[in-house]
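Student: Please find one structure pasted underneath; my questions will follow.
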Amino acid sequence: MSDLFEASGIHPPDAPLADRLRPRTLEEVVGQDHLLGPGGPIRRMVEGGRLASMILWGPPGTGKTTIARLLAKAAGYQYQQISAVFSGVADLRKAFETARTRRAAGQSTLLFVDEIHRFNRAQQDGFLPFVEEGIVTLVGATTENPSFELNGALLSRCQVFVLRRLDEAALEQLLQRAEAEAGRPLPLEPAAREALIAMADGDGRYLLTLAETLFALPADQAAMSVGDLAGVLQKRAPAYDKDREEHYNLISALHKSVRGSDPDAALYWLARMLTAGEDPLFLARRIVRMAVEDIGEADPMSLVICNAAKDTYDFLGSPEGELALAQAVVHLATAPKSVSVYRAYKAASSAARETGSLMPPANIRNAPTKLMKELGYGKGYQYDPEAEGGFSGANYWPEGMEARTFYEPTDQGHEARVRERLAHWRELRRQRQGE
């Protein structure tokens, strides 16, 4: 019976609100105008009467399944759906054979594969001959980055379209449709309505699920405040998986906000990750890395402060220790920046690999034995703290290797003073070595 309702575009009265409000045409899909609006790439396919295989990549509740259904309807294709969560090789084989039979009868098949990234590499390879021969037009849906989760061969045969999380305007449009369907407004004050939209976090299906809960309240329910709403609905945790792309996107956003000297954005991304359940010690390690990679000698206290933040978190735990991480992030974001030490170490490492086993000059070699002293180890060594001006100007480079400059301090923060000091010593060295 449900298949008859679905085929007719009518949904049974006891169906969930999200199903009853499922768009019946591509024009009714909200939030994806960049793909479906005038001039959009998917709209052009439909208007041209021929669909190409594609991957729909986007967050949950943005319309991937709905778009696939409506594409098949608009183009006159037979719609067939499988899920990578519940389907195996036998299901795929059956789907392809059914599509082959249809093709022989002159009927095209749009095969929609939900969560296509869950198929392993061998299963994904199984799609290739059927896509190439045109037996099926493949529409795969995924919440994961296709670059990481799908075979290159399969990707090369599909266009990738990115669906956007629904913005406030799109979510408000869904609420208005829900109210029209219910025949009454949601019992919410304006601020609570905004809070409801925020709770959905860009997921249209989840928003309608929340709205359905509110419509189930007594019809005479008074308009609820934000506090009342929180008592009725449980806010969902933000989409975040420590092993997936979102994890790396957010830590990249935090690092680059610090590097770009924006403490407010840096705090936001730190809070996003902590709120989503990220390991604070993972964040502490990355914060220490920022101190040595992006701040360096421009503010040498940054490393001390970041290590202290890590120790503070170890000592206090959560949630109090998280404030120490926030303090470290603000310090880094507001500190002068320099990658001079980072670049200098890379250059020195390259030189070390090139020069192999060159020995230090004899004057700075260790001479713990009589034989070593007789061989000249340590002879002529000048103790800089007792030299004139605390600087001897001696040579510290191996024989056969000219002195090189790896570390070039900037004029930022502490390094500005270091730069002046090095220039002074460079001149003294030139004078004392008779250059």
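The values are calculated or read from the model by the stated rules, or taken from the named source; none is laboratory data. Just so you know, these numbers come straight off a predicted model, no measurement behind them. Quick reminder, even Gly has a Cβ in these numbers, built from the backbone with ideal geometry, and neighbours come from all protein chains shown. Calculation scope for accessible area: heavy atoms of the full protein, side chains included, ligands and nucleic acids excluded. Shrake-Rupley method; radii C 1.70, N 1.55, O 1.52, S 1.80 Å.
Student: Can you figure out the FRET efficiency of ALA198 with ASP314, using R₀ = 30 Å and their beta-carbon distance, to the nearest 0.05?
Tutor: Using R0 = 30 Å, I get an efficiency of 0.30.
Student: At 222 nm, what helix-only mean residue ellipticity would the chain give, in deg cm²/dmol to the nearest 500, using -39500 (n - 2.57) for each DSSP H run of four or more? Provide the component values of the computation, followed by the final result.
Tutor: Details: 22 runs with 222 residues, N = 435.
Estimated from H runs of four or more residues: -15000 deg cm²/dmol.
Student: Any idea what the dipole of the range 140-223 comes to, in debye rounded to 20, about its Cα centre with Lys/Arg Cβ at +1 and Asp/Glu Cβ at -1?
Tutor: Once rounded to the nearest 20, the dipole reads 340 debye.
Student: Compute the angle between helix 322-334 and the longest alpha-carbon principal axis of the chain, please, reported from 0 to 90 degrees and rounded to the nearest 10.
Tutor: 70
Student: Would you mind working out the magnitude of the charge dipole of the range 273-366 relative to its Cα centre, with +1 at each Lys and Arg C-beta and -1 at each Asp and Glu C-beta, to the nearest 20 Debye?
Tutor: The calculated dipole for the range 273-366 is roughly 540 debye.
Student: Please compute the modelled spin-label separation between ALA122 and VAL226, points set 7 Å along Cα→Cβ, answer in nm with one decimal.
Tutor: Placing both labels 7 Å beyond Cα along the Cβ direction yields 5.4 nm.
Student: Further question: Multiply the residue separation of ARG432 and VAL339 by 0.36 nm, subtract the distance between their alpha-carbon atoms, and state the gained length in nm to one decimal.
Tutor: Here the answer is 30.4 nm.
Student: Quick one: pull the percentage of alpha-carbon pairs in the range 354-434 with a separation above 18 Å.
Tutor: Percentage above 18 Å: 57.
Student: Ignoring ligands and nucleic acids, what accessible area does LYS73 show with a 1.4 Å probe (Å², nearest 10)?
Tutor: 140
Student: Quick one: dipole size for the chain, taken about the Cα centre, charges +1 on Lys/Arg Cβ and -1 on Asp/Glu Cβ, in debye to the nearest 20.
Tutor: 1440
Student: What is the local net charge at GLY76, summed over the other residues whose Cβ is closer than 15 Å to its Cβ (Lys, Arg +1; Asp, Glu -1)?
Tutor: +4
Student: Provide the FRET efficiency to the nearest 0.05 for the ALA362-ASP411 pair, computing r from the beta carbons and using R0 = 41 Å. All intermediate terms of the calculation are to be shown ahead of the outcome.
Tutor: Working: r = 38 Å, r/R0 = 0.92.
Plugging the Cβ-Cβ distance into 1/(1 + (r/R0)^6) gives 0.60.
Student: Which of ALA291, ALA328, PRO361 sits closest to the plus end of the dipole of the chain, meaning its Cα is farthest towards the positive end, when Lys and Arg get +1 and Asp and Glu get -1 on the C-beta?
Tutor: Checking the options against the dipole of the chain, the answer is PRO361.
Student: Working out 0.36 nm times the residue gap between ARG289 and VAL330, then minus their Cα-Cα distance, what length gain in nm do you get to one decimal?
Tutor: 13.3 nm
Student: Given a 1.4 Å probe and every protein chain left where it sits, what share in percent of the accessible area of the range 109-207 is carbon and sulfur? Walk me through the intermediate numbers first.
Tutor: Values: 2040 of 4280 Å².
Result for the range 109-207: 48 percent of the exposed heavy-atom area is carbon or sulfur.
Student: Calculate I(q)/I(0) for the range 378-424 by the Debye formula, one identical point scatterer on each C-alpha and no solvent, and give its log10 at q = 0.13, 0.28, 0.33 Å⁻¹ to two decimals.
Tutor: -0.44, -1.04, -1.11
Student: Nearest 0.05, what FRET efficiency do GLN173 and GLU402 give at R0 = 60 Å with Cβ-Cβ as r? Show your work: numbers first, answer last.
Tutor: Working: r = 70 Å, r/R0 = 1.17.
Approximately 0.30, to the nearest 0.05.
Student: Output the 0 to 90 degree angle, nearest 10, between the alpha-carbon long axis of helix 64-75 and the longest principal axis computed from the alpha carbons of the chain.
Tutor: That works out to roughly 50 degrees.
Student: Same structure, new question: Which listed residue (PHE96, ASN151, ALA122) has the Cα farthest towards the positive end of the charge dipole for the range 93-159, taking +1 on Lys and Arg C-beta and -1 on Asp and Glu C-beta about the Cα centre?
Tutor: PHE96
Student: A further question follows. For the range 261-353, just run the numbers: alpha carbon Rg, then divide by 2.2 N^0.38 Å, N being how many residues it has.
Tutor: 1.16
Student: By its C-alpha gyration tensor, with a ≥ b ≥ c as the square roots of the eigenvalues, how is the range 12-154 shaped: rounded for a/c under 1.5, else prolate for a/b larger than b/c, else oblate?
Tutor: Because its axes are fairly even, with a/c under 1.5, the range 12-154 counts as rounded.
Student: Right, another one. Can you tell me how much longer the chain between ALA191 and HIS34 gets when fully stretched, taken as 0.36 nm per residue apart minus their C-alpha distance, in nm with one decimal?
Tutor: 53.6 nm
Student: Can you pull the one-decimal nm distance between simple spin-label points at ARG164 and GLU181, each 7 Å off the Cα toward Cβ?
Tutor: 2.4
Student: I'd like to know which of SER350, PHE406, VAL418 lies farthest towards the positive end of the charge dipole of the range 343-435, counting +1 on Cβ of Lys and Arg and -1 on Cβ of Asp and Glu.
Tutor: SER350
Student: Chymotrypsin sites (Phe, Trp or Tyr not before Pro), restricted to the range 343-435: which are DSSP loop and have at most 11 other Cβ atoms within 10 Å? It would help to have the intermediate numbers written out before the result.
Tutor: Working: sites: TYR345, TYR377, TYR381, TYR383, PHE391, TYR396, PHE406, TYR407, TRP425; in loops: TYR377, TYR381, TYR383, PHE391, TYR396, PHE406, TYR407.
Filter output for the range 343-435: TYR383, TYR396.
Student: Which log10 I(q)/I(0) values, to two decimals, does the range 94-178 give at q = 0.12, 0.23 Å⁻¹ under the Debye formula with one point per Cα?
Tutor: -0.48, -1.07
Student: For Cα pairs less than 8 Å apart in space and 6+ apart in sequence, what is the mean separation divided by the residue count of the range 138-230, i.e. the relative contact order in percent?
Tutor: That works out to 32 percent.
Student: Round to the nearest 10 and give me the degree value, 0 to 90, for the angle of helix 280-290's Cα axis relative to the longest principal axis of the chain.
Tutor: That works out to roughly 50 degrees.
Student: Relative contact order, percent, of the chain when contacts are C-alpha pairs under 8 Å separated by at least 6 residues?
Tutor: Taking the mean separation of contacting Cα pairs over the length of the chain, I get 11 percent.
Student: Report the relative contact order of the range 232-359, percent, no decimals, based on alpha-carbon pairs under 8 angstrom and at least 6 residues apart.
Tutor: 28
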